[in-house]
1. I'd like to check something: does the stretch 449-462 contain any residue that is assigned to a helix (DSSP H, G or I), closer than 30 Å to residue 544 by Cβ and touching a strand residue (DSSP E or B) at 6+ places or on another chain (Cβ under 9 Å)?
2. Within the stretch 302-312, is there a residue that is at pLDDT 95 or above, more than 19 Å from residue 480 (Cβ to Cβ) and surrounded by fewer than 19 Cβ atoms within 10 Å (Cβ to Cβ)?
3. Given the structure, is residue 147 in contact with a strand residue (DSSP E or B) (Cβ under 8 Å, 6 or more places away or on another chain), at pLDDT 95 or above, surrounded by 24 or more Cβ atoms within 10 Å (Cβ to Cβ) and part of a helix (DSSP H, G or I)?
4. Being surrounded by 20 or more Cβ atoms within 10 Å (Cβ to Cβ) and over 28 Å from residue 567 (Cα atoms) is the filter here; which residues of the stretch 457-491 pass it?
5. Considering only the stretch 555-607, state which residues are over 21 Å from residue 108 (Cβ atoms) and part of a helix (DSSP H, G or I).
6. Please go through the stretch 84-95 and give me each residue that is touching a strand residue (DSSP E or B) at 6+ places or on another chain (Cβ under 9 Å) and either more than 20 Å from residue 362 (Cβ to Cβ) or outside the structural domain of residue 373 (by the TED database) (or both), ordered by number.
7. Condition check: in a loop (DSSP other than H, G, I, E, B) and not assigned by the TED database to the domain that holds residue 600. Does residue 467 satisfy that?
């Protein structure tokens, strides 16, 4: 199983040759010809992925100390700083710069909220206003120390998020459990007061529904062959084990296999070298090409594992992102959620910041005087779906010594820059691939997913009908996988919110092409399809508890996000990646999860990039 710091390897056939241009050579038959410029890009991106620098310092450790005040940032000379975007990256950057002694203002396009792609549906959205559910970020791996340390510093409570279902036991909190980060320097950083959290045993009662078959995950784990054969893949190996094995053919780039079969990180110098070689050799590979050319999978195996492990919609994307996601979204990893909703983090970040909302930046001018002028217009419509209302005429003008653009590159395509940005930066803004994600959330008056059949009988009386796919088991958390339009379903990880008898189910969670199929539907049609799919899995008996107060979130149709996150296509990481976070003229800086290639689409990426941008502004880089 891939561990939290596994960062892959070379195929077994790859052997090191002599050292040239910054990192050692390769004999991988499919690798491109060595080129000095490309080598430099691979090495630069390797350092960014591993969060280190040319001196092999541990930047994660440094950032943790900055975020928690153990190593305060100090300004030699205060600057007037304008931060554009009140998402996690922008607000982290603004808080650090303000504490350092700079004069900081934040502009946010959204007139109704801050937080960017951290968005919690709550209150009047639901029939029971005590309920809440996440439109965006919903889980934090325990390995994401930057996010968890920041939350602890801000006093934001957390509790376990159960990626796999478990018994609804009384003690599922452990929210202040200790998080320990161990650096390659031998130093450690810890936050939290209780012993590290250990996830309870998985039940495996949630469902797999593919090719007309419906089984529990426990049944599949015990005997995968019947489900696998429905794809034409005659194997007794689980999809997760097969994926681990396929990725293991690349792990020796940065790790060494131990005699017991586990893996250990190589020394940091060798890891940087290995990651640079991996990028040189495989950044041009899509996930599909990697699985066929390196792992030697046939099409039935690709379809089986892709369907069960949520890879099919991203097979054409760059290999590395899916490989990194396999580290973070993994049943062996423990997760947390923020007790009051994920927006509890962004609400805490916004405290005491000077944030002007309803400010849509339309133009950025680098003045000959050395100052920066920013023009902004009022927002004239909602953030989602219809995107009604044209952006108004700019009526707000701001001047600053430095501007941090903490918004997605997809949004920067609609901003005019004078003079033009450097060519590499323009290419990155114009060409980086932004993926999409879609959620459909359904409210129920009762938490039927936590019931056994006896409870069903007592609650429904004469109307009782048996479950269509085996007796119900009481469980919290976890989710179902399907090959139908609603690819993934997730259930709440805790028995109730503020004593509410009902709850909200993430009834459809889709990425990429799967998400686009929902983006095109009318909201009512999305909700109907999601409820129908859930009823097909658990029986029409669940319909009696549906309130029909449902919401959906299309990040592609959000006018300020314009997509879920950057997910590079083959080759983009090394050709465009080096230009993404590079400052311009010591006056323009860039932040967001798209600027941190290790953590695209995660809060940790926004946090890390916000810290990096603050350091750049503070030093005048």
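The values are calculated or read from the model by the stated rules, or taken from the named source; none is laboratory data. This one's a predicted model, so the numbers in the text were calculated from it and none came from an experiment. Neighbour counts run over all protein chains shown; Cβ positions are idealised from the backbone, glycine included.
1. yes
2. Checked the stretch 302-312: no residue is at pLDDT 95 or above, more than 19 Å from residue 480 (Cβ to Cβ) and surrounded by fewer than 19 Cβ atoms within 10 Å (Cβ to Cβ).
3. yes
4. 472, 475, 476
5. Across the stretch 555-607, the qualifying residues are 572, 573, 574, 575, 577, 578, 579, 580, 597, 598, 599, 604.
6. Correct list: 89, 91, 93, 94, 95.
7. When the stated conditions are applied, residue 467 passes them.
Residues checked against (1) touching a strand residue (DSSP E or B) at 6+ places or on another chain (Cβ under 6 Å); (2) assigned by the TED database to the domain that holds residue 496; (3) over 30 Å from residue 304 (Cα atoms):
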residue: 179; (1), (2), (3): yes, no, yes
residue: 183; (1), (2), (3): yes, no, yes
residue: 188; (1), (2), (3): yes, no, yes
residue: 192; (1), (2), (3): yes, no, yes
residue: 196; (1), (2), (3): yes, no, yes
residue: 209; (1), (2), (3): yes, yes, no
residue: 212; (1), (2), (3): no, yes, no
